Amino acid sequence: VMDEPESNKNEVSGYEVSFISQGKEAYEFLVEQKELCQSYAVAFIDMRMPPGWNGIKTAQHIRSIDPDIEIVMVTAYTDISRSQIVNEIGTPEKLLYLRKPFDGEELSQIALQLTTKWSLYQQERQQRKNIEKLLKENQEVNTYMDGIINSMPSMLIGVSGEGWITHWNAQIEKFTGLSQKETLNESIEKILPELEGINNLIYRSAIRSTIEKKEKFKFKYKDESILCDII
């Protein structure tokens with residue numbers, strides 16, 4: 001957004017550029033674009049745009065509706081310091097200061113760098129959303145699987161190939177009195193010393209991808225004892 005005598009759109013070096021002569025008009029234009037789900041990467045704003053809003057007021061209003069936009073303040077005057085501009089507009093990491101007269105090549109380079117920076121940020125944000133969606137879906141799957149595991153009438157313990165406990169269902173919790181929170185990521189032989197040697201069974205099953213069994217095992221825990229098959 002720059003102080004120009006007319007308002008139009010054209011394609012310059014692959015960019016869509018909008019020229020608007022007044023700050024308030026620029027703000028209203030961006031409001032309309034936002035309603036159409038259109039975003040601008042960079043706004044070049046002249047510090048003085050009489051008779052309407054000045055550059056700082058324009059930037060403040062634009063930032064209020066689009067905190068991601070990169071802003072370049074353009075001025076030929078030195079009556080307002082850079083620190084004052086930053087304090088008034090905020091978000092200094094998305095704010096540059098360009099003094100007139102400026103070189104066309106310099107302006108093109110700034111536009112390229114800022115649009116690239118903006119695009120990378122949008123991509124990163126979308127990736128974060130995708131990751132959050134996957135994590136949510138994974139959590140839903142885990143919750144669903146936990147429901148299935150806890151509804152099983154058999155005692156079920158999930159373990160890693162190294163013998164670390166990953167699941168502890170309601171039936172084994174009921175038998176031992178130990179909660180899942182107390183047992184997760186602990187060694188199964190530490191939690192249930194009665195199962196000494198069980199890690200060998202687990203290891204064989206893991207590396208061979210086979211079903212291993214220990215039948216008619218007398219499982220004692222505290223004052224209780226049951227005869228069971230370990231699979």
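The values are calculated or read from the model by the stated rules, or taken from the named source; none is laboratory data. Treat the numbers as computed from the prediction; the structure is a model and nothing was measured. Here Cβ is always computed from backbone atoms with ideal geometry, including for glycine, and neighbour counts include all displayed protein chains. What goes into the accessible areas is simple: the full protein's heavy atoms, side chains included, and nothing from ligands, DNA or RNA. Shrake-Rupley method; radii C 1.70, N 1.55, O 1.52, S 1.80 Å.
Being touching a strand residue (DSSP E or B) at 6+ places or on another chain (Cβ under 7 Å) and either open to solvent by 70 Å² or more (accessible area, probe 1.4 Å) or among the polar types (S, T, N, Q) (or both) is the filter here, so list the residues in region 85-99 that pass it.
Hits for region 85-99 are L96, R99.
Could you check, for region 68-75, whether at least one of its residues is surrounded by 15 or more Cβ atoms within 10 Å (Cβ to Cβ), more than 22 Å from R125 (Cβ to Cβ) and at pLDDT 90 or above?
Looking for residues that are surrounded by 15 or more Cβ atoms within 10 Å (Cβ to Cβ), more than 22 Å from R125 (Cβ to Cβ) and at pLDDT 90 or above, one finds at least one in region 68-75, hence yes.
Identify, please: which residue in region 195-213 is open to solvent by 80 Å² or more (accessible area, probe 1.4 Å) and in contact (Cβ under 8 Å) with a residue 12 or more places away in the chain and is, among those, nearest to V159 (Cα to Cα)?
Y203
Among the residues of region 215-225 satisfying the criterion of being without any contact (Cβ under 8 Å) to a residue 24 or more places away in the chain and either in contact with a strand residue (DSSP E or B) (Cβ under 7 Å, 6 or more places away or on another chain) or not charged (D, E, K, R) (or both), which is least open to solvent (accessible area, probe 1.4 Å)?
Restricting to residues being without any contact (Cβ under 8 Å) to a residue 24 or more places away in the chain and either in contact with a strand residue (DSSP E or B) (Cβ under 7 Å, 6 or more places away or on another chain) or not charged (D, E, K, R) (or both), the top hit is F217.
Going by what's in this entry, would E173 be described as surrounded by 10 or more Cβ atoms within 10 Å (Cβ to Cβ) and assigned to a helix (DSSP H, G or I)?
Yes, satisfied.
Take region 19-35 and flag every residue that is among the hydrophobic types (A, V, I, L, M, F, W, C) and either touching a strand residue (DSSP E or B) at 6+ places or on another chain (Cβ under 7 Å) or closer than 13 Å to D66 by Cβ (or both).
Listed by number, the residues that qualify are A26, F29, L30, V31.
Go through (1) closer than 30 Å to K214 by Cβ; (2) in a helix (DSSP H, G or I); (3) out of contact with any helix residue (DSSP H, G or I) (no Cβ under 9 Å at 6 or more places or on another chain) for N185 and report which single condition fails.
Evaluating N185 over (1) closer than 30 Å to K214 by Cβ; (2) in a helix (DSSP H, G or I); (3) out of contact with any helix residue (DSSP H, G or I) (no Cβ under 9 Å at 6 or more places or on another chain) leaves (2) as the failure.
Taking only pairs six or more apart or across chains, which ones have beta-carbon atoms under 7 Å, a first residue in region 30-58 that is within 18 Å of Y97 (Cα to Cα) and modelled with pLDDT under 90, and a second residue that is part of a helix (DSSP H, G or I) and open to solvent by 70 Å² or more (accessible area, probe 1.4 Å)?
Note: no pairs meet the criteria.
From the set of residues in region 33-67 that are outside any loop (DSSP other than H, G, I, E, B), out of contact with any helix residue (DSSP H, G or I) (no Cβ under 7 Å at 6 or more places or on another chain) and open to solvent by 30 Å² or more (accessible area, probe 1.4 Å), which is farthest from V86 (Cα to Cα)?
E35
Hey, can you tell me all the residues within region 86-130 that are out of contact with any Ser or Thr (no Cβ under 9 Å at 6 or more places or on another chain) and hydrophobic (A, V, I, L, M, F, W, C)?
Scanning region 86-130 gives V86, I89, L95, L96, F102, L107, I110, L114, L120.
Which residue is least open to solvent (accessible area, probe 1.4 Å), if the candidates are limited to region 179-194 and must be under 9 Å from W164 (Cβ atoms) and touching a Gly at 6+ places or on another chain (Cβ under 9 Å)?
I188
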